[in-house]
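What follows is one structure encoded as structure tokens, with my remarks underneath.
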Amino acid sequence: EDDIERMREQYDLRRRYLLGELRSMGLECFEPQGAFYMFPSIESTGLSSDEFCERLLHEQEVAVIPGSAFGESGEGHVRISYSYSMNHLRELAAGFVSFCRLCRRKSEIK
């Protein structure tokens, strides 16, 4: 039971960290209560979820799933797993932040 409690605490730490990073970027994101995934809105970037994921992968080497894979209502969102190590989550967050800032600047110029 001690191992289970430590695991639960680690996943809670990862969840809170990633949620904080996403919200600090101004992205809307519901706080997950029972899964290892987040589903933030990326509408502020001006990109479709497919385009966002494709470019994020090529430009930042960060892989997330387009919300459109979950139906029409998922468009404008991406699914991010936080079941990875904190080091991986920090790398993901850094790439995600850089990419979102770049996209927002470009959409403001248009």
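What value, in deg cm²/dmol to 500, does the helix sum -39500 (n - 2.57) over DSSP H runs of n ≥ 4 give at 222 nm once divided by the residues of the chain?
Rounded to the nearest 500, it is -18500 deg cm²/dmol.
Amide H of R79: which non-local residues (sequence gap of 5 or more, or other chain) have their own amide H closer than 5 Å, using H built in the peptide plane?
Residues meeting the criterion, in which the H sits 1.01 Å from N, are I65, G67.
With charges only on Cβ, +1 for K and R and -1 for D and E, what is the dipole size of the range 1-105 about its Cα centre, in debye, rounded to 20?
Dipole of the range 1-105, to the nearest 20 debye: 400 debye.
Could you provide, to the nearest whole Å², the per residue accessible area of the chain with probe 1.4 Å?
I get 64 Å² per residue for the chain.
Of C29, L47, G67, which is farthest along the charge dipole of the chain in the positive direction, counting Lys and Arg as +1 and Asp and Glu as -1 at C-beta?
Positive-end residue among those listed: L47.
Compute the distance in nm between two label points, each set 7 Å from the Cα along the Cα-to-Cβ direction, one at R23 and one at I4.
2.9 nm
Show me 49-58, 70-79 ranked by packing, highest mean number of other Cβ atoms within 10 Å first.
Per-residue Cβ counts within 10 Å, averaged per peptide and sorted highest first, yield 49-58, 70-79.
Near E51, within a Cβ-to-Cβ distance under 13 Å, what is the net charge of the other residues, with Lys and Arg +1 and Asp and Glu -1?
-3
Could you check how much of the accessible area of the chain is carbon and sulfur, as a whole percent, using a 1.4 Å probe?
Reported share for carbon and sulfur atoms: 50 percent.
Taking 0.36 nm per intervening residue step and subtracting the Cα-Cα distance, what contour gain separates S73 from E61 on full extension?
1.7 nm
Taking θ = phi - 60°, what integer Hz values does the Karplus form 6.51 cos²θ - 1.76 cosθ + 1.60 yield along the range 60-72, in sequence order, with x for Gly and Pro?
Using θ = phi - 60°, the values come out as 10, 6, 10, 9, 9, 9, x, x, 4, 5, 10, x, 4 Hz.
Which distance in nm do the two modelled labels at Q33 and L102 give, with both placed 7 Å along the Cα-to-Cβ direction?
Distance between label points: 3.8 nm.
Over the Cα atoms of the chain, Rg to Rh with Kirkwood Rh, two decimal places?
1.00
The values are calculated or read from the model by the stated rules, or taken from the named source; none is laboratory data. Being a predicted model, the structure only gives us computed values, none of them experimental. Methodologically, a virtual Cβ is constructed for each residue, glycine included, from the backbone with ideal geometry; neighbour enumeration extends over all protein chains shown. Keep in mind that these areas ignore ligands, DNA and RNA; they rest on the heavy atoms of the full protein, side chains included. Shrake-Rupley method; radii C 1.70, N 1.55, O 1.52, S 1.80 Å.
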